[in-house]
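The values are calculated or read from the model by the stated rules, or taken from the named source; none is laboratory data. Predicted model only: the values in this text are computed from it and were never measured. Reconstructed Cβ throughout: ideal geometry from the backbone, glycine too, with neighbour counts over all protein chains shown. Ligands, DNA and RNA are excluded from the accessible area calculation, which covers all protein heavy atoms including side chains. Shrake-Rupley method; radii C 1.70, N 1.55, O 1.52, S 1.80 Å.
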Amino acid sequence: MSQKLLLNAKEINIILHRLACQLVEKHLDFSNTVLVGMQPRGKYLADRIKKILEEEYQIQNLALGFLDITFFRDDFRRGEKPLEASETQIDFLVEDKKVVFIDDVLYTGRSINAALTAIQSFGRPSEVELLTLIDRRFSRHLPIQPDYRGRQVDAINNEKVLVKWQDNDGEDAVYLVTK
Amino acid sequence: MKELSVNHLIGIKHITKQDIDLIFETADHFKEVINRPIKKVPSLRDITIANIFFENSTRTKLSFELAQKRLSADVISFSAAQSSVKKGETLVDTVNNILSMKVDMVVMRHSSPGAAHFLSENVKASIVNAGDGAHEHPTQALLDSFTIREKLGDVGGKKIVIVGDILHSRVALSNIFALQMQGAEVKVCGPKTLIPKYIESLGVSVEPNLRKALEWCDVANMLRVQNERLDVNYFPSTREYTQQYGVTKELLDSLNKEIVIMHPGPINRGVEISSDVADSQQSVILEQVENGVAVRMAVIYLLASKIKN
């Protein structure tokens, strides 16, 4: 197994600021927008984006939730390994709100497909957008594209994109891992 | 991720502490799901479940049905009173006929101890025991422990007294196994005629005096007097039973601590529990019912995940 560094801490920081900036451009004061981080790994990215929005753009009362899509996945009983659920924490309704899904890597699009169904349990959003740090293009199984993308990566199927976060893994970095 | 060590839920005796922990972690997620505006997930959309009740039930049957529907399973239910069992069909034949309609899981209540175990060895489906005679009622014990864990933080180290008709109670036996497995201490309290002779061999002590039992415990699980199973007189009268083993507000207020009152239902108000106790802050009877759906969703989900295509 070998790994190659795709993004270092400095590059990630620049990208996070750009993504936050693009969000502000579209959503202004976020009065009708909610952020939803995808469990388990999109949580860290969502936390970081929220921090930048609050500290550098003085956005107040920003609603952030975390959505677990385990029970909405289309591969229940199909994989080798059992599915492991994480906690869903959404203490607001998304009825008529603009929802921004936040995930670290967009790969096949199946998770986002499940999330589009799952979020309806909390109301009918007026629109849904997708923000991802890494967009693995050419590997999509479904017609799903990000609205805000950090970096596009061309990876083949036996390669994995590994995103590490300071809060959880002790460093900010993105690696391309070959099995 | 972990998975259950069993393919059927026949009794608490057949599962491990790790299984119980996994069921509770999963039930935590489902408890969040059933409190959403839309309380449903699509996980089990390709699973069909038959609920076969050879004995009367309201709560358990509704709770199982709701759990299955919240998971998007297809559900068929029948009660023996309306079935061909009355015409002389055997249990295995009845169930195999249902299974030939492509059913993946069977939830069964039966008056004979061991019926669920027998079925699990004779038919090709995942079996969940919803009560077999005076043997086990595993999902009730799981939801009781889940409620204690929610109320007191942990089951381990807690003192639980089970009061009432222990002799005929499957809830008591499953609870004893589940509580001890999680490190709780269990006593039973009731008329001597309704306490099984072998009970101490399970590591359970007997406290004949209700007041002393309540003073000792953190949680009291009050069982119903199962009149339908009492073939002879086990105590002189209901009135006398209530005087000795009925929990009243006065009795609870006279204790030097606040204990949690549980009851698996259906309650006989004014017999084993007075109305003001059943409706008090100390009672978690309705929480038990809510948790029952989440725990049953977890059990069904985890068993279904082991059914391979």
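Screening region B:269-302 for residues that are crowded, with 22+ Cβ neighbours inside 10 Å and either of a type in the set (D, E, K, R) or within 14 Å of chain A (Cβ to nearest Cβ) (or both) and picking the one that is farthest from B:Asn51 (Cα to Cα) gives B:Glu272. Of the residues A:Ile59, A:Ile52, the single one that is surrounded by 15 or more Cβ atoms within 10 Å (Cβ to Cβ) and touching a His at 6+ places or on another chain (Cβ under 7 Å) is A:Ile52. Do we have any residue at all in region A:112-134 that's out of contact with any helix residue (DSSP H, G or I) (no Cβ under 6 Å at 6 or more places or on another chain) and aromatic (Phe, Trp, Tyr)? Yes: one or more hits. Taken as a whole, the condition of being over 26 Å from B:Lys151 (Cα atoms), more than 14 Å from chain A (Cβ to nearest Cβ), exposed (fewer than 14 other Cβ atoms within 10 Å of the Cβ) and under 20 Å from the mean Cα position of the chain (by Cα) does not apply to B:Asn97.
Against the criterion of being more than 14 Å from every other protein chain (Cβ to nearest Cβ), crowded, with 18+ Cβ neighbours inside 10 Å and part of a loop (DSSP other than H, G, I, E, B), B:Val103 qualifies. Between a first residue in region B:1-20 that is away from chain A (no Cβ under 13 Å) and a second residue that is β-branched (Val, Ile, Thr) and surrounded by fewer than 14 Cβ atoms within 10 Å (Cβ to Cβ), which pairs have beta carbons less than 9 Å apart while being 6 or more apart in sequence or on different chains? Sorted first by the residue in region B:1-20, then by its partner, the pairs are B:Val6/B:Thr16.
Scanning region A:144-179 for residues that are open to solvent by less than 80 Å² (accessible area, probe 1.4 Å), among the aliphatic types (A, V, I, L, M) and not in a strand (DSSP E or B) yields a count of 2. Residues in region B:114-145 that are assigned to a loop (DSSP other than H, G, I, E, B) and either aliphatic (A, V, I, L, M) or in contact (Cβ under 8 Å) with a residue 24 or more places away in the chain (or both) were compared, and the one that is most open to solvent (accessible area, probe 1.4 Å) is B:Lys124. Is it fair to say B:Lys192 is free of Cβ contacts under 8 Å to residues at least 24 places away in the same chain and either buried (at least 19 other Cβ atoms within 10 Å of the Cβ) or over 25 Å from the mean Cα position of the chain (by Cα) (or both)? The answer is no for B:Lys192. Among the residues of region B:237-264, the one identified as part of a loop (DSSP other than H, G, I, E, B), out of contact with any strand residue (DSSP E or B) (no Cβ under 9 Å at 6 or more places or on another chain) and open to solvent by less than 20 Å² (accessible area, probe 1.4 Å) is B:Leu255. Within this structure, B:Tyr234 fails the test of being open to solvent by less than 10 Å² (accessible area, probe 1.4 Å), in contact (Cβ under 8 Å) with a residue 40 or more places away in the chain and either in a helix (DSSP H, G or I) or away from chain A (no Cβ under 14 Å) (or both). On the stretch given as region B:172-188, residues that are aliphatic (A, V, I, L, M), in a helix (DSSP H, G or I) and open to solvent by less than 20 Å² (accessible area, probe 1.4 Å) total 4. Would you say B:Ile38 is of a type in the set (A, V, I, L, M), surrounded by fewer than 18 Cβ atoms within 10 Å (Cβ to Cβ) and within 12 Å of chain A (Cβ to nearest Cβ)? Taking the combined requirement at face value, the residue satisfies it.
With the requirement that a residue be within 12 Å of chain B (Cβ to nearest Cβ) and open to solvent by 30 Å² or more (accessible area, probe 1.4 Å), what does region A:117-135 give you?
Passing the criteria: A:Thr117, A:Gln120, A:Arg124.
Restricting region B:63-79 to residues that are at pLDDT below 95 and under 20 Å from B:Gln140 (Cβ atoms) leaves a set whose member that is farthest from the other protein chains (Cβ to nearest Cβ) is B:Ser79.
Figure legend. Inter-residue proximity from region A:1-13: first residues more than 17 Å from A:Lys51 (Cα to Cα), second residues acidic (Asp, Glu), beta-carbon distance below 8 Å, spacing 6+ or different chains. Indicated pairs: A:Asn8/A:Asp172. Scanning region A:86-104 for residues that are touching a helix residue (DSSP H, G or I) at 6+ places or on another chain (Cβ under 9 Å), more than 11 Å from chain B (Cβ to nearest Cβ) and not aromatic (Phe, Trp, Tyr) yields a count of 6.
As a summary of the residue check, B:Glu55 satisfies the conditions (1) crowded, with 17+ Cβ neighbours inside 10 Å; (2) of a type outside the set (S, T, N, Q); (3) within 13 Å of another protein chain (Cβ to nearest Cβ) except for the one numbered (3). A single entry from B:Asp46, B:Asp28 fulfils the requirement of being open to solvent by less than 70 Å² (accessible area, probe 1.4 Å), outside any helix (DSSP H, G or I) and not assigned by the TED database to the domain that holds B:Leu142: B:Asp46. Among (1) out of contact with any Lys or Arg (no Cβ under 9 Å at 6 or more places or on another chain); (2) away from chain B (no Cβ under 14 Å); (3) at pLDDT 95 or above, which single condition is A:Asp169 missing? Condition (3) is where A:Asp169 drops out.
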